[in-house]
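I have placed the structure first, in the form of C-alpha cells, so that the comments after it can refer back to it.
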C-alpha cells in the first residue's frame, strides 16, 4: 500500500471511531497482526507472544499509558531521533517525532494520547 498524505491521514482519523483509530495504530505503528475475529467496535490482535491467542487492542487514542507504549516502540525503531511535546497557549499540546529523515507534528489539541497517535501515524504512514 502506498504512503498517505498528511491530509489523507487526518481525514481518515476524523472519519474513524476511537476503536477504529486504535486498530489502525496497532497495525501500522505497533506492527501487530489483526485477528480474523476482530470487529470495528472491538478490535483484536494476535498475541505476539503466543499466536494461538488473541487479545484486545489497547486504547492508544484515549489512554495515556497505552499511548506511551507507542513512544517506547518508536524510541527503539531504527532512525529514531526525537520525540517532543510542547504546550501552547490555552493548554493545548502539539506532539512530534523525527524518525530518520521523516518528521511529524500535530496541530494543537487537548489530548496527549490522541496527539501521540496522530504524530506516530504521520511519521510511520505518511509520505514524509
Among 96, 31, 115: highest mean-square fluctuation, GNM of the chain, C-alpha pairs under 10 Å: 31
Taking the simple approach of a point 7 Å from Cα along Cα-to-Cβ for both residue 110 and residue 2, what is their distance in nm? 3.8
Describe numerically, in nm with one decimal, the distance between label points set 7 Å from Cα along Cα→Cβ at residue 59 and at residue 101. 4.0
Note down the relative contact order for region 18-128 as a percent, whole number, built from C-alpha pairs under 8 angstrom at least six residues apart. 21
Return the distance in nm (one decimal) between the two label points of a simple spin-label model at residue 71 and residue 87, each offset 7 Å from Cα along Cα→Cβ. 1.4
Can you give me the Cα centroid spacing of region 16-63 and region 72-124 in angstrom? 21
Can you give the Kirkwood hydrodynamic radius for the chain, in Å, rounded to one decimal and based on Cα pairs? 14.9
Please give the calculated 222 nm ellipticity per residue for the chain, where each DSSP H segment of at least 4 residues contributes -39500 (n - 2.57) and the sum is spread over every residue; nearest 500 deg cm²/dmol? -11500 deg cm²/dmol
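Every number here is computed from the coordinates shown, using simple stated rules; none is lab data. Being a predicted model, the structure only gives us computed values, none of them experimental. So basically every Cβ, Gly included, is an ideal-geometry build from the backbone, and we count neighbours across all protein chains shown.
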